[in-house]
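The values are calculated or read from the model by the stated rules, or taken from the named source; none is laboratory data. Predicted model only: the values in this text are computed from it and were never measured. With ideal geometry, Cβ positions are generated from the backbone for all residues, glycine too; neighbour counts draw on all protein chains shown. Please note that ligands, DNA and RNA were not included when accessible areas were found on the heavy atoms of the full protein model with its side chains. Shrake-Rupley method; radii C 1.70, N 1.55, O 1.52, S 1.80 Å.
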Amino acid sequence: MKRYIAIVALSAVVAHAGCKPAHPSKIVADPSFEPNRITAILIAPFVSSVPRGEDPDRQSERIMNRTLAGLLAERSDYRFLSQDQFQAAVARAGLGDHWASFSQDWMSRRTVDKEFLAQLKVALNVDVLMLPHVFLWNKDEADYRESATSSATQVGATLALFETTTGTILWEASDQNYRESVRSESRGVISGGGIDRRVAGVSGTGRDAYAAPPYEEVAQIVLEALVGALPPRSGSAR
């Protein structure tokens with residue numbers, strides 16, 4: 001009987017583990033992708049398909065750009081050419097409008113403008129372009145007065161590597177994740193004179209523990225998974 005219970009318990013653990021989402025949630029690599037043949041990768045600025053109404057100040061681009069730069073700096077197996085170098089090359093070659101249409105076509109139709117990539121190769125003599133795309137950027141703020149509720153922050157992004165000579169998508173990874181705030185409880189609120197006052201729920205850093213977590217926190221989690229999934233060059237330290 002004990003042996004039967006142990007087998008059932010083990011099966012339950014395995015089943016539960018199998019239900020956990022993988023991070024990144026999607027990775028696709030072209031058969032021709034050979035990391036050891038790549039020495040330098042040009043990093044484009046993040047493009048965002050989040051509607052302007054949901055992100056008017058384009059925090060999705062600024063926060064993701066900053067986070068990605070920090071994570072790529074920790075990898076020593078590839079040489080990464082910065083977003084500033086990308087923007088300088090695009091401006092120098094007069095490719096600003098072409099870049100805008102290239103990124104829009106990729107986000108909306110997943111089509112690749114090979115002519116733009118060819119011109120980029122001429123401008124910077126680089127074989128691979130990394131295009132980062134953020135597609136999910138959302139905060140769901142719950143009413144702290146409701147018990148068993150919580151606020152959540154969601155972020156989703158994709159990193160894609162393009163070969164500039166052929167337009168081939170060498171590698172692409174997508175992921176999305178979320179973090180919840182502390183669950184609110186009605187005992188954390190007192191009422192008087194028609195006014196609800198929160199008497200608990202401030203973290204040690206002074207941040208409202210019931211508010212949706214900051215975007216930076218979830219962006220870090222998502223991009224750590226994506227950057228970590230980029231295959232290392234053999235014989236190189238990461």
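Below, the figures for the structure above:
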quantity	calculated
The range 24-50 - residue that is closer than 30 Å to residue 233 by Cβ and either in contact with a His (Cβ under 6 Å, 6 or more places away or on another chain) or of a type in the set (Gly, Ala, Ser) (or both) and, of those, surrounded by the fewest Cβ atoms within 10 Å (Cβ to Cβ)	32
Any helices (runs of 4 or more DSSP H) falling wholly within the range 57-148 and containing at least 2 residues that are over 18 Å from residue 219 (Cβ atoms)	83-92, 96-109, 114-124
Tally, over the range 94-120, of residues that are open to solvent by 50 Å² or more (accessible area, probe 1.4 Å) and over 24 Å from residue 62 (Cβ atoms)	7
Among residues of the range 75-93, those that are open to solvent by less than 60 Å² (accessible area, probe 1.4 Å) and in contact (Cβ under 8 Å) with a residue 12 or more places away in the chain, counted	11
Residues satisfying the stated conditions in the range 51-73, i.e. touching a Leu at 6+ places or on another chain (Cβ under 8 Å) and surrounded by fewer than 18 Cβ atoms within 10 Å (Cβ to Cβ)	71
Those residues of the range 98-140 which are within 30 Å of residue 151 (Cβ to Cβ) and out of contact with any helix residue (DSSP H, G or I) (no Cβ under 7 Å at 6 or more places or on another chain), in sequence order	107, 135, 136, 138, 139, 140
Pairs, first farther than 16 Å from residue 226 by Cβ in the range 155-179, second open to solvent by less than 20 Å² (accessible area, probe 1.4 Å) and among the polar types (S, T, N, Q), C-beta under 9 Å, six or more apart	179/153
